[in-house]
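Working notes, structure below.
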Amino acid sequence: MTLHWSCQCQDGKARAGTLHTAHGDVATPVFMPVGTAGTVKGMTADAVRATGANIVLGNTYHLMLRPGAERVGRLGGLHKMMDWHGPILTDSGGFQVMSLSQLRKLDKDGVTFQSHINGEKFRLTPERSIEIQHLLDADITMCFDECTPFPATHEVAGKSMRLSMDWAARSRAAFVARPGYGLFGIQQGSVFEDLRAESARALTEIGFEGYAIGGLAVGEGQAEMFRTLDFSVPMLPETHPRYLMGVGTPSDLIGAVMRGVDMFDCVIPTRSGRTGRAYTSHGVVNIRNARHAEDTGSLDPECDCPACTRHSLGYLQHLFKAGEMLGPILLTWHNIRYYQRLMARLRQAILDGRLAEEAAALEAGWRKPEETPV
């Protein structure tokens with residue numbers, strides 16, 4: 001049986017379900033830590049597992065450049081290479097079509113990249129993207145698409161979306177179906193309802209194991225993202241998993257779950273951890289702030305990660321001030337664990353039929369005046 005998703009419970013638009021893959025089941029809603037180059041930065045695979053995460057991401061573009069997809073294949077695939085026994089989702093490289101616009105040439109067949117590492121030229125087409133993801137042994141392969149930049153006119157967004165739909169059909173044709181593996185289509189159309197609807201119809205007609213909402217969290221702001229999700233998510237099949245790509249903050253996750261999204265990824269928790277920014281039950285904490293220098297208390301008394309149970313705020317601040325690598329490691333661990341705990345709380349609240357109350361309680365905790373973000 002190919003990769004599939006089953007729904008256990010619904011609370012409003014929010015769903016609690018299970019994603020069934022070749023490398024195990026995943027409870028949804030789920031947040032997937034980003035391991036762009038075959039590693040979640042600063043974390044061993046055991047450490048990532050200890051946070052409660054059981055699915056991670058890899059990236060087609062970056063692994064294509066280094067060490068190379070064929071080499072990853074010869075090393076046993078991404079699961080074996082990075083010691084990750086659970087499911088892996090791979091981004092198709094489509095985001096880099098947008099983010100590396102100065103280093104690429106786009107045409108209807110694909111994209112020619114100039115490597116940001118050494119200037120070497122690479123060609124990425126829908127067929128090659130799917131081939132690379134197959135070599136990586138991704139449980140979830142993403143269609144190759146063009147992530148539409150923001151802002152974009154209706155004309156530009158429409159042209160970009162239709163190119164992505166052509167590439168989606170080619171990605172589907174190139175994908176090799178295997179038990180427990182699946183291909184996700186990506187809805188595009190920027191913030192325009194008619195374009196999102198056209199994209200959803202095209203993807204549904206092609207048929208995929210899951211459906212992603214792409215082209216958001218690219219500068220439009222939370223209010224506009226939520227407005228777009230309000231009409232975009234219901235356009236996608238209720239029987240399949242829905243994945244909001246590249247999102248986001250804890251507040252973003254809550255709002256999107258309440259709008260029917262099941263899957264998320266984002267670099268925010270890992271990148272923030274490396275720079276001394278921690279997400280906690282009482283709000284955002286900047287560990288570099290001088291007020292923490294002699295604080296013997298815990299970063300987050302509600303958290304069970306090593307940063308919170310074994311070390312004081314004062315010690316964590318010292319690590320960052322001293323430039324010790326343990327500081328970013330501990331805060332990355334904490335942030336990923338916080339996100340996993342957050343998703344578990346949201347899932348349980350859906351199962352209990354009290355998601356609105358749980359969301360209000362979480363957001364109220366972030367606003368406690370004595371813990372104002374710094």
Unmatched cysteines, the chain - criterion: no other Cβ of a Cys under 4.7 angstrom: C7, C9, C143, C147, C266, C305
Reach of K80 by Cα under 23 Å, taken over lysines that are not fewer than 8 positions away in the same chain: K41
Relative contact order for the chain, counting Cα pairs under 8 Å that sit 6 or more residues apart, in percent: 18
Positive-pole candidate from A356, Y338, A322, dipole of the stretch 297-372, charges at beta carbon: A322
Student exercise, the stretch 3-114 dipole from Lys, Arg, Asp, Glu Cβ charges, in Debye to nearest 20: 240
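First check a/c for the stretch 65-209, with a ≥ b ≥ c the square roots of the eigenvalues of its C-alpha gyration tensor; if it is under 1.5, answer rounded, and if not, answer prolate when a/b is larger than b/c or oblate otherwise.
On the way: a/c = 2.24, a/b = 1.32, b/c = 1.69.
Oblate, since a/c reaches 1.5 and b/c is not below a/b.
Once you order the gyration tensor axes a ≥ b ≥ c over the Cα atoms, which shape class does the stretch 2-44 get: rounded for a/c under 1.5, otherwise prolate or oblate by comparing a/b with b/c?
Values: a/c = 3.64, a/b = 1.82, b/c = 2.00.
Note, shape of the stretch 2-44 comes out oblate.
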Extension reserve of the I117-R354 stretch, reckoned as 0.36 nm per residue once the Cα distance is removed: 80.5 nm
Point-to-point label distance, T296-H318, nm (Cα→Cβ direction, 7 Å offset): 1.4
Cα-based reach from K121 at 20 Å (exclusive), listing lysines while leaving out same-chain residues under 8 positions away: K105, K108
D107, D295 arranged by Cβ crowding within 10 Å, fewest neighbours leading: D107, D295
Highest-first arrangement of 131-138, 65-72, where packing means the average Cβ count within 10 Å: 131-138, 65-72
Environment charge of S129, counting only residues whose C-beta is closer than 10 Å and scoring Lys/Arg +1, Asp/Glu -1: -2
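Please give the calculated 222 nm ellipticity per residue for the chain, where each DSSP H segment of at least 4 residues contributes -39500 (n - 2.57) and the sum is spread over every residue; nearest 500 deg cm²/dmol? Could the numbers behind the result be given before it?
Details: 15 runs with 154 residues, N = 374.
After summing the helix terms and dividing by residue count, I get -12000 deg cm²/dmol.
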Exposure proxy ranking, count of Cβ atoms within 10 Å, fewest first, for I206, I213: I206, I213
Neighbourhood net charge (14 Å Cβ-Cβ; Lys/Arg +1, Asp/Glu -1) for F95: -3
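Placing unit charges on C-beta atoms (Lys and Arg positive, Asp and Glu negative, everything else neutral), compute the dipole magnitude of the stretch 106-263 about its Cα centre in debye, rounded to 20. Before the final figure, lay out the partial values.
Numbers: 14 positive and 22 negative charges, 37 e Å.
So the dipole magnitude of the stretch 106-263 works out to roughly 180 debye.
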Formal net charge of residues neighbouring D230 (Cβ-Cβ distance under 15 Å; K, R +1; D, E -1): 0
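Membrane-span-like helices in the chain: DSSP H runs reaching 18 Å or more (Cα, own axis), mean Kyte hydropathy at least -1.0? Please report the intermediate quantities before stating the final value.
Numbers: long enough: 154-174 (30 Å, -0.50); 193-206 (20 Å, -0.50); 326-352 (38 Å, 0.01).
Span-like helices in the chain: 154-174, 193-206, 326-352.
Expressed as a fraction of 2.2 N^0.38 Å, the rule-of-thumb size for a compact globular protein of N residues, what is the C-alpha radius of gyration of the stretch 220-301?
Working: Rg = 16.4 Å, N = 82, 2.2 N^0.38 = 11.7 Å.
Its radius of gyration relative to the 2.2 N^0.38 Å reference: 1.40.
Taking 41 Å as R0, compute the FRET efficiency from the Cβ-Cβ separation of R345 and R178 and round it to 0.05. Display every interim value, and only then the final one.
Details: r = 34 Å, r/R0 = 0.83.
It comes out at approximately 0.75.
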Antiparallel bridge percentage (DSSP; both residues within the chain; nearest 5): 50
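FYI, it's all coordinate maths here, none of it is from the lab. Everything quoted here is computed from the prediction, not taken from an experiment. Note that each Cβ is placed from the backbone with ideal geometry, even for glycine, and that neighbours are counted across all protein chains shown.
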